[in-house]
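We did not get these values from a lab; they are worked out from the coordinates using the rules stated. Because the structure is predicted, anything quoted here is derived from the model rather than measured. Cβ atoms come from the backbone with ideal geometry, glycine included; neighbour counts cover every protein chain shown.
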């Protein structure tokens, strides 16, 4: 304790933060930038969620109710782009900014000015993208996958789409470089790689994935741009180009992107389950190797997204089997989380509830992924609502619940105050029940043959669409509780100690709550690191 | 730490100076690794475009 107080006192000398708007616009502090990332992600979550609720409103009944098909397609396209690049990815970067320096014993990120730059690109990128709703021809409507030749028919918003994707990519790459460089160079002496918390490990691997695949997306959309404006025919069949090649390149980015969205959630769940089981994580090293294996495999499975374009049997077999192989390291992780809880002294605070929901519901998404990996079955499921149900199970109770679990876990550390646990538990149950009401019926709709990306459908699909829409409305509205709980916590939460959760381990819990402006200006001692790395 | 020519290095004997040396070295490592990863990203970006150009030239 004396050591903590001495450390806190040492930090007070460095607490010279700028005030007013300068603190945010010129921010170089990892916590300030992390906060801005999280606020931005939350804003985008509600804009993208608003688009989703409009989609569910249109699908509440068969026939065209509110929107013309072009606008409906714009809504689905923009919902995906905003949620993936505007909500989930910035939320992970925000959490990385807040937690990585604190967890590795560093005073800040390695490249603070680059950190500022990579954040401030994002508001411009998304202002550009969202303002495309107001240009002639409307917002992009060709799907987030931007397949040519369809996307090349986009109106005036096409260059806005391409430029904003470039900006998002640049932001992600710069953010990822910062994370890798911080973890590799800024760890406190004694913080060896195999002492690092799982959240840091998963982010390190995620950052490598980002550096490898975001430039591939940027290259693909650059070629779309030149096809559209400069007369090249990379993907235009009439000029000798190959539209299917775009799909290969896109999914070479797209499949690792799925893991970019989910791997940090693995890390957070690996922090939360031991805390609320009051036991060390079962199989720490196997968790690290499992995450690395999943990341490696993500590079060799991309064509399972495009089995129906026609490819040689050997290729179909390769991509089917390599996809199924991902179940092995994923199974290792699910086993380890379950084994961590085995005979543990469990308690069910909101972070643990979200982590458990992640465990159950992400596994459902994984199972439907295995079904989609089988080539003959995929021929039936392709482009149906079954696919929509699958990836939403992976991304909503997977990535989004992972983010919420992380925020509820670390919010007392960030603010120095405990949030309203009852209200957060209500938020959890509303989310967990209605996310299933929203997405589970979509499995039935898909198996019955309802195609995706349509504003109208045959009447036999009505009942499950009504259920799904009601689930969507309640799920969407219940998310308003999330910012309310956070704001209430900041304003009127009860103060907490350094270790807000009884069973928490890790360097961040050795710092005061809230932590000083600069985290570890004096590196933590080996004893403190060893105490934190109790896995 | 020994300076060239068997002359004892005076500055690094103090903890502050040693920390400064370490900090300088760390800054260099940070810069080098950031440039390396940026170069890798650039190789992926231009590499895929180059591959498409080579494919078209066949």
Task: Residue exposure sequence - A:167, A:480 - by fewest surrounding Cβ within 10 Å - done: A:480, A:167
Open item on the list: For residue B:27, project a label point 7 Å along Cα to C-beta. Then give me every residue of region A:178-212 with its amide nitrogen under 16 Å of that point.
Closed with: A:186
TODO: For chain A, calculate the relative contact order in percent as a whole number, restricting contacts to Cα pairs under 8 Å that are 6 or more residues apart.
DONE: 19
TODO: For residue A:462 and residue A:325, calculate 0.36 nm times their separation in residues minus their Cα-Cα distance, and state this gained length in nm to one decimal.
DONE: 45.6 nm
Task: With Cα atoms, 0 to 90° folded angle of helix A:69-81 axis to chain A main axis - done: 30
- [ ] Using the 2.2 N^0.38 Å rule of thumb for compact globular proteins, work out how the protein assembly as shown stacks up: its C-alpha Rg over that value, please.
- [x] 0.99
Task: Angle in degrees between helix A:112-130 and the longest Cα principal axis of chain A, rounded to the nearest 10 - done: 30
Task: Net length gained if the chain between residue A:346 and residue A:194 were fully extended (0.36 nm per residue, minus Cα distance) - done: 52.1 nm
TODO: Label region A:17-92 by shape, choosing from rounded, prolate and oblate, from the square roots a ≥ b ≥ c of the eigenvalues of the Cα gyration tensor; if a/c is under 1.5 it is rounded, and otherwise prolate applies when a/b is larger than b/c, oblate when it is not.
DONE: prolate
- [ ] Just check region A:275-415 against the gyration tensor rule for me: Cα atoms, a ≥ b ≥ c as the square roots of the eigenvalues, rounded for a/c under 1.5, and otherwise prolate or oblate depending on whether a/b exceeds b/c.
- [x] prolate
Task: Peptide-level mean, for B:29-37, of C-beta atoms on other protein chains within 10 Å - done: 6
TODO: Would you kindly calculate the mean projected area, averaged across all directions, of the convex hull enclosing the Cα atoms of region A:347-503, in square nanometres?
DONE: 10.1
Open item on the list: What is the angle, in °, between the Cα long axis of helix A:313-325 and the longest principal axis of the Cα atoms in chain A? Nearest 10 is fine, range 0 to 90.
Closed with: 30
Open item on the list: Checking the a/c ratio against 1.5 first, then a/b against b/c, what shape does the Cα gyration tensor give for region A:385-454?
Closed with: prolate
Task: Average Cα contact separation per residue, region A:128-190, under 8 Å, 6 or more apart, as relative contact order % - done: 28
Task: Order of A:337, A:203 under a 10 Å beta carbon neighbour criterion, fewest first - done: A:337, A:203
Open item on the list: Can you give the FRET efficiency to the nearest 0.05 for residue A:133 and residue A:296, using r as the Cβ-Cβ distance and R₀ = 41 Å?
Closed with: 0.55
Open item on the list: For region A:347-503, what does the relative contact order come out to in percent, with C-alpha contacts under 8 Å and a separation of six or more?
Closed with: 31
Open item on the list: Can you sort A:172, B:33 from fewest to most other Cβ atoms within 10 Å of each residue's own Cβ?
Closed with: B:33, A:172
